[in-house]
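These notes are about the structure you will find just below.
The values are calculated or read from the model by the stated rules, or taken from the named source; none is laboratory data. Keep in mind it's a predicted model, so treat the numbers as computed, not measured. Don't worry about glycine lacking a Cβ; one is built from the backbone with ideal geometry, like all the others, and counts go over all protein chains shown. To get the accessible areas, we keep the full protein, side chains included, count just its heavy atoms, and leave off ligands, DNA and RNA. Shrake-Rupley method; radii C 1.70, N 1.55, O 1.52, S 1.80 Å.
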Amino acid sequence: MSATATATATAATTVVRPDTIDGVSMAQDLDARGWTVLPRLMTRDQCRQVSGLYARDTGFRSRVIMSRHGFGRGEYQYFAYPLPDLVQTLRTSLYPLLAPMANAWHERMGLDVRFPPTHAEYIKRCHQAGQTRPTPLLLQYGAGDYNCLHQDLYGEHVFPLQMTVLLSNPTEDFEGGEFVLTEQRPRMQSRVEVVPLTQGDAVVFAANSRPVRGTRGDYRVHLRHGVSTMRRGHRHTLGIIFHDAT
């Protein structure tokens, strides 16, 4: 990363304080619907600084034009290691809050994998399995762009929760472009959720599957996420995925 890009990323550094996040409400929301909003996780200035990184020609490992792969319209870039300070802080600070929920979900779904208490331990597991490429990313959308429903899995090791932060202001910067989740339930039609976000808000959601309590015990539902069509303006988001890619 260039000196200028490093300075910009460092200026955006934030400390995520676990005591500012209502862990009980977060767990209740995730259990009830598979997603929860963390309001104002990033400041307006931090959002602008991180959005500004997109135009840099260093600090990223790859760029994806979505239309070339049938993913939708728009583009995104995966960060390279070392991650910008803010991205690294979000990843390592939020993981310990989510790992107990991830372990509880796996137990309820009958899955043997358990997640260690720190992100450093978990990412070491990913790297030992050959998943060494960082997955946090910046996404950019313009008028007419959209993101098809998908999952961000990348390999054998998948952390069951991930996070997206809206960096743009929906009242000033763009219209449309809503964050959308669908839940595929056994023997039922899919349910759709449109998650309302303002600038700096984060949505934490199920990356793949989650358990749902039924009359005969827990059953598994599958989630996908995407972005509806942009009507005008430009929209940037930051994606925090806790596992790495092969």
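Cβ-Cβ distances below 9 Å connect the following pairs, each with a first residue in segment 54-73 that is under 17 Å from Pro84 (Cα atoms), a second residue that is in a strand (DSSP E or B) and open to solvent by 90 Å² or more (accessible area, probe 1.4 Å), and a separation of six or more residues or different chains: Arg61/Arg133; Ser62/Arg133.
Considering segment 99-138, and only residues there that are touching a Lys or Arg at 6+ places or on another chain (Cβ under 8 Å) and not charged (D, E, K, R), the residue that is nearest to His225 (Cα to Cα) turns out to be Pro136.
Which one is nearest to Arg220 (Cα to Cα) among residues in segment 86-127 that are of a type in the set (S, T, N, Q) and touching a residue at least 60 places away in the same chain (Cβ under 8 Å)?
Going residue by residue through segment 86-127, those that are of a type in the set (S, T, N, Q) are 88-89, 92-93, 103, 118.
Those left that are additionally touching a residue at least 60 places away in the same chain (Cβ under 8 Å): 89, 93.
Details: Thr89: 31, Ser93: 28 Å.
The qualifying residue nearest to Arg220 (Cα to Cα) is Ser93.
May I ask you to list the residues in segment 155-177 that are crowded, with 17+ Cβ neighbours inside 10 Å and assigned to a loop (DSSP other than H, G, I, E, B)? Before you say what the answer is, go through the steps one by one.
Filtering segment 155-177 for residues crowded, with 17+ Cβ neighbours inside 10 Å gives 157-168, 170, 173-174, 176-177.
Residues satisfying the conditions are His157, Val158, Phe159, Pro160, Leu167, Ser168, Pro170, Asp173, Gly177.
Of all residues in segment 181-210, those satisfying the criterion of being farther than 20 Å from Ala102 by Cβ, outside any strand (DSSP E or B) and open to solvent by 20 Å² or more (accessible area, probe 1.4 Å) are Arg185, Pro186, Arg187, Met188, Gln189, Ser190, Pro196, Leu197, Thr198, Gln199.
The set of residues in segment 216-246 being out of contact with any Ser or Thr (no Cβ under 8 Å at 6 or more places or on another chain) and basic (Lys, Arg) consists of Arg216, Arg231, Arg232.
For segment 95-137, residues that are loosely packed, with under 13 Cβ neighbours inside 10 Å and either among the aliphatic types (A, V, I, L, M) or touching a strand residue (DSSP E or B) at 6+ places or on another chain (Cβ under 7 Å) (or both) total 1. Arg213 meets the conditions (1) of a type outside the set (Phe, Trp, Tyr); (2) part of a strand (DSSP E or B); (3) out of contact with any strand residue (DSSP E or B) (no Cβ under 8 Å at 6 or more places or on another chain); (4) more than 30 Å from Pro116 (Cβ to Cβ) in every case but one. The failed one is (4). Just checking, how many residues over segment 172-220 are at pLDDT 95 or above and of a type in the set (Lys, Arg)? Residues that pass the stated criteria total 1. Taking (1) over 18 Å from the mean Cα position of the chain (by Cα); (2) without any contact (Cβ under 8 Å) to a residue 60 or more places away in the chain in turn, Leu83 satisfies each apart from (1). In segment 146-154, is there at least one residue being open to solvent by less than 50 Å² (accessible area, probe 1.4 Å), touching a strand residue (DSSP E or B) at 6+ places or on another chain (Cβ under 6 Å) and at positive phi? Within segment 146-154, not a single residue is open to solvent by less than 50 Å² (accessible area, probe 1.4 Å), touching a strand residue (DSSP E or B) at 6+ places or on another chain (Cβ under 6 Å) and at positive phi. Take the conditions (1) in contact with a helix residue (DSSP H, G or I) (Cβ under 6 Å, 6 or more places away or on another chain); (2) under 27 Å from Phe115 (Cβ atoms); (3) part of a loop (DSSP other than H, G, I, E, B); Asp218 misses just one of them, which is (3).
Annotation: Thr215 fulfils all but one of (1) surrounded by fewer than 18 Cβ atoms within 10 Å (Cβ to Cβ); (2) among the hydroxyl-bearing types (Ser, Thr, Tyr); (3) in contact (Cβ under 8 Å) with a residue 24 or more places away in the chain; the unmet one is (3).
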